[in-house]
Amino acid sequence: TIPLEAQRLGLEAHASDLNPVAVLINKALIEIPPKFAGHAPVFPGLAETRNSWTGAEGLAADVRAYGEWMRDEAEKRIGQHYPKAELPNGEEATVIAWIWARTVPSPDPAFADVQVPIASSFLLSSKAGKEAWLEPIVDRQAKTITYRVRQGGTKAELAKAKEGTKSGQGANFRCLMSNSAITTEYVRSCAKQGKIGDTLIAVVVEANRKRVFLAPKTSDTEIARSARPDYRPETPISPDRRAFTPPDYGMETFGDLFTDRQLVALNTYADLIHEVMNEIISDSQNSKHLSKDERSLSNGGKGLRAYAEAISVYIAFGLSRLSDVQNSLCMWETSKTQVRHLFTRQAIPILWDFGENNVFNDAAGDFRTSLGSIVRVLERFVPSSAGVEINHDAQTVRLPQGAVLSTDPPYYDNVGYADLSDFFFCWLKPALRDIYPELFAVLATPKADELIAAPYRHGGKQGAEEFFMSGMTQALSNLSVQSNSAFPATIYYAFKQSEVEKDGITSAGWATFLQATLDAGFAVVGTWPMRTELANRMRGQGSNALANSVVLVCRKKDATAEVITRAEFIRALKRELPPAIAELQAANIAPADMPQSAIGPGMGVFSRYKAVLESDDSPMSVKTALQLINRELDEYLGGIEGEFDADTRFAITWFHQNGNGKGDYGVADNLARARGISVESVKHAGIVES
């Protein structure tokens with residue numbers, strides 16, 4: 001978004017990234033639209049529907065039209081895998097989704113040949129007045145389990161249905177056949193032996209503009225099992241168990257995350273991307289805007305071939321979005337009675353029961369819907385200048401002469417970008433490797449050089465921090481030397497979790513990042529908090545969400561910087577911080593944002609010097625400097641409050657803002673962090689509930 005916004009301001013945008021998925025996204029944002037700005041669409045009959053086409057409107061119209069052509073072709077080829085369902089009255093209805101539960105053999109030897117469901121819920125709809133749930137019908141003599149759809153029900157029945165066969169946290173369940181315990185160890189053991197299966201437990205259809213739930217028939221399962229995919233992604237899933245748990249349960253490759261029917265659908269669309277290119281080239285022959293230039297997009301082409309490739313890139317993103325909602329880790333959302341996509345957070349967790357969307361249902365999970373949001377973005381593009389995106393790492397990238405730097409680096413250990421990107425890379429590669437061969441020449445996205453603090457790659461937390469610190473210092477040093485000294489550089493940092501240490505709470509990533517910035521030769525002259533996350537997403541994710549971002553405003557450090565003592569640093573803070581804070585207050589900075597805003601002028605003092613020496617002549621750490629800055633801030637803002645302990649100072653500030661009312665966790669986290677404590681410690685003190 002940074003280069004996109006720069007381009008919207010009329011600036012020439014240059015961007016780079018090590019991750020090929022990120023590079024492809026940025027090419028689609030800033031590089032491709034200017035090449036074909038103002039062009040009329042080439043799909044037969046479309047150009048004549050309007051007198052003029054501005055920005056990327058023509059491009060968007062073609063993406064929609066050729067995407068629709070692909071959907072029609074796909075339905076001809078694989079529509080038999082997605083039949084209509086028969087209602088109790090004999091009428092037919094479109095299936096919205098099939099709901100599946102994973103299964104394991106019963107741990108009871110008497111029923112060892114029975115696959116029993118390990119389902120986290122049997123609830124189908126929790127909408128008030130429209131409650132629906134599944135009642136398992138267990139026949140121990142016949143050794144069968146079938147399902148009956150129930151409407152309404154008592155609170156006790158609904159609560160029991162909501163539990164499914166769960167028995168505690170994690171992979172702990174109870175066997176429907178014998179009521180014996182199914183432990184996590186047993187489930188993992190079944191996974192190693194390839195004994196985890198799945199069973200269809202419900203079919204959801206659209207009838208008379210409402211959701212109707214049906215018990216599955218044998219034919220429903222048989223049709224699903226009849227799908228035979230030609231391609232199954234074999235890229236292994238990350239060994240980082242903090243965010244990737246499916247491999248513990250037998251799903252070791254990205255191909256294992258999809259049902260065979262889903263793989264057939266995704267394969268079909270990937271194949272059609274190659275076919276649609278020939279259609280576009282054929283339809284483009286009479287275009288007034290496109291030359292017969294045979295060069296590809298990757299070679300700077302702007303003619304027929306490049307245009308066909310451009311359409312294919314956006315359609316491939318439609319496929320990529322489709323994979324997010326067409327996999328076996330998509331939850332059935334009972335409150336909305338629809339399938340929820342996988343990536344609601346930056347992780348791939350195991351799911352015990354899942355919803356499989358009908359890929360031709362004209363709703364979420366349909367290619368038309370996935371592509372539609374991409375088209376809506378394109379329609380709004382009005383490219384005013386050229387953009388350039390290259391595949392390169394930040395440590396050695398060369399910037400254009402006189403470049404003004406604005407960068408959003410990785411956030412320490414918060415997100416495993418490359419590990420997550422492989423999910424999409426394995427579908428983008430077969431679709432687009434002929435268009436961008438240099439991007440897709442690798443088997444998977446680069447990991448070794450990715451600049452994040454991933455403990456599993458570097459032998460633990462210490463090795464990961466050292467790797468991040470040295471790499472970030474090198475990257476920022478490289479950028480600092482090349483950036484335009486007439487303008488400040490802006491560097492983004494996003495806060496997430498904090499970690500408790502013996503002397504209070506500190507964000508290791510934040511302190512490490514600031515240290516790398518200073519070591520790179522930058523002086524921090526300002527820090528501006530920005531609300532960057534949607535409020536509804538924050539509520540959903542709690543303390544693991546990114547609360548907000550801080551923009552560091554930096555300038556190159558003076559080469560003649562001197563060394564001072566701790567006492568001199570504190571005197572400088574007392575002298576310079578109060579007027580700087582008064583300016584921030586005059587600018588209407590919210591009290592919750594003041595601690596992060598005050599870091600700017602405070603670090604401006606700290607980073608102005610070559611070093612601040614402690615009493616033993618060791619250089620002061622960034623962490624210590626932050627604590628001193630926050631102490632001075634508290635003394636200035638609190639007056640007598642500065643005499644109180646940190647928990648009390650938190651309570652006073654909270655009361656000023658909220659009285660005795662509730663507030664966002666992210667705000668509380670900011671206030672607590674600034675005082676060297678955590679929300680948990682204030683909770684432990686009995687002051688708040690969190």
Practice item. Just one of (1) out of contact with any strand residue (DSSP E or B) (no Cβ under 9 Å at 6 or more places or on another chain); (2) open to solvent by less than 50 Å² (accessible area, probe 1.4 Å) trips up Ala128, so point out which. Key: (2)
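Within the stretch 74-93, can one find any residue that is under 30 Å from His289 (Cβ atoms) and open to solvent by less than 20 Å² (accessible area, probe 1.4 Å)? Before you say what the answer is, go through the steps one by one.
Residues of the stretch 74-93 that are under 30 Å from His289 (Cβ atoms), as a first pass: 74.
Then drop every residue that is not open to solvent by less than 20 Å² (accessible area, probe 1.4 Å), which leaves 74.
Yes, the stretch 74-93 has at least one match.
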Practice item. For residues that are out of contact with any Pro (no Cβ under 9 Å at 6 or more places or on another chain) and among the small types (Gly, Ala, Ser), scanning just the stretch 372-401, find the one that is most open to solvent (accessible area, probe 1.4 Å). Key: Ser373
Point to revise | Exclusive hit being touching a Leu at 6+ places or on another chain (Cβ under 9 Å), more than 22 Å from Ser678 (Cα to Cα) and outside any helix (DSSP H, G or I), set Ile581, Ile570, Ile564 | key: Ile564
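Taking the conditions exactly as written (open to solvent by 50 Å² or more (accessible area, probe 1.4 Å), in contact with a Gly (Cβ under 9 Å, 6 or more places away or on another chain) and touching a residue at least 60 places away in the same chain (Cβ under 8 Å)), does Arg232 satisfy them or not? Give the derivation first.
Values: open to solvent by 50 Å² or more (accessible area, probe 1.4 Å): yes; in contact with a Gly (Cβ under 9 Å, 6 or more places away or on another chain): yes; touching a residue at least 60 places away in the same chain (Cβ under 8 Å): no.
For Arg232, the condition - open to solvent by 50 Å² or more (accessible area, probe 1.4 Å), in contact with a Gly (Cβ under 9 Å, 6 or more places away or on another chain) and touching a residue at least 60 places away in the same chain (Cβ under 8 Å) - is not met.
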Exercise for review: Any chance you could count how many residues in the stretch 298-334 are touching a Lys or Arg at 6+ places or on another chain (Cβ under 7 Å), of a type outside the set (D, E, K, R) and open to solvent by 10 Å² or more (accessible area, probe 1.4 Å)?
Suggested key: 1
Practice item. Go through the stretch 144-181 and count every residue that is closer than 25 Å to Gly250 by Cα, touching a Pro at 6+ places or on another chain (Cβ under 8 Å) and open to solvent by 60 Å² or more (accessible area, probe 1.4 Å). Key: 1
Check your understanding: Checking Ala22 against (1) surrounded by fewer than 21 Cβ atoms within 10 Å (Cβ to Cβ); (2) in contact with a His (Cβ under 8 Å, 6 or more places away or on another chain); (3) farther than 16 Å from Ser284 by Cβ, which test does it fail?
Key -> (2)
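Quick one: how many residues across the stretch 582-618 are within 22 Å of Thr517 (Cβ to Cβ) and open to solvent by less than 80 Å² (accessible area, probe 1.4 Å)? I'd like the intermediate steps shown before the answer.
Kept after step one, since they are within 22 Å of Thr517 (Cβ to Cβ), are these residues of the stretch 582-618: 584, 589, 593-614, 618.
With open to solvent by less than 80 Å² (accessible area, probe 1.4 Å) added as a condition, the list becomes 584, 589, 593-607, 609, 611-614, 618.
Within the stretch 582-618, residues that are within 22 Å of Thr517 (Cβ to Cβ) and open to solvent by less than 80 Å² (accessible area, probe 1.4 Å) number 23.
Please go through the stretch 115-143 and pick out each residue that is in a loop (DSSP other than H, G, I, E, B), of a type in the set (A, V, I, L, M, F, W, C) and in contact (Cβ under 8 Å) with a residue 60 or more places away in the chain. Steps first, please.
So in the stretch 115-143, the residues in a loop (DSSP other than H, G, I, E, B) come out as 119-122, 126-131, 140-143.
Add one more test, that the residue is of a type in the set (A, V, I, L, M, F, W, C), and what stays is 119, 122, 128, 142.
The answer is Ala119, Phe122.
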Check your understanding: Under 6 Å by Cβ, and 6 or more places apart or on different chains, what pairs join a residue from the stretch 16-43 that is in contact (Cβ under 8 Å) with a residue 40 or more places away in the chain and within 26 Å of Glu279 (Cα to Cα) with one that is among the hydroxyl-bearing types (Ser, Thr, Tyr) and not in a helix (DSSP H, G or I)?
Key -> Val42/Ser287
Revision key, fill the gap. The lone condition Trp69 fails out of (1) part of a helix (DSSP H, G or I); (2) closer than 19 Å to Glu222 by Cα is (2)
Practice item. Tally the residues that are in contact with a Ser or Thr (Cβ under 9 Å, 6 or more places away or on another chain), hydroxyl-bearing (Ser, Thr, Tyr) and farther than 16 Å from Ala37 by Cβ, restricting the search to the stretch 289-322. Key: 1
Practice item. Would you mention how many residues in the stretch 625-666 are of a type in the set (A, V, I, L, M, F, W, C), surrounded by fewer than 19 Cβ atoms within 10 Å (Cβ to Cβ) and at pLDDT below 85? Key: 2
Review point. Pick from Glu333, Glu379, Glu356: which is of a type in the set (Asp, Glu) and within 30 Å of Gln7 (Cα to Cα)?
Key: Glu379
Exercise for review: Would you confirm whether any residue within the stretch 309-323 is out of contact with any Phe, Trp or Tyr (no Cβ under 8 Å at 6 or more places or on another chain), free of Cβ contacts under 8 Å to residues at least 60 places away in the same chain and closer than 30 Å to Ser121 by Cα?
Suggested key: yes
Revision key, fill the gap. Residue pairs qualifying under the 8 Å Cβ cut-off, at least six apart or on distinct chains, with the first in the stretch 604-624 being modelled with pLDDT of 90 or more and the second being open to solvent by less than 20 Å² (accessible area, probe 1.4 Å) and in a loop (DSSP other than H, G, I, E, B), are Phe606/Met620; Val612/Met620; Leu613/Met620; Glu614/Met620
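The values are calculated or read from the model by the stated rules, or taken from the named source; none is laboratory data. Values in this document were obtained by computation on a predicted structure and should not be read as measured data. Note that we place each Cβ from the backbone using ideal geometry, even for glycine, and neighbour counts take in every protein chain shown. These area figures cover heavy atoms from the full protein model, side chains too; ligands, DNA and RNA do not enter into them. Shrake-Rupley method; radii C 1.70, N 1.55, O 1.52, S 1.80 Å.
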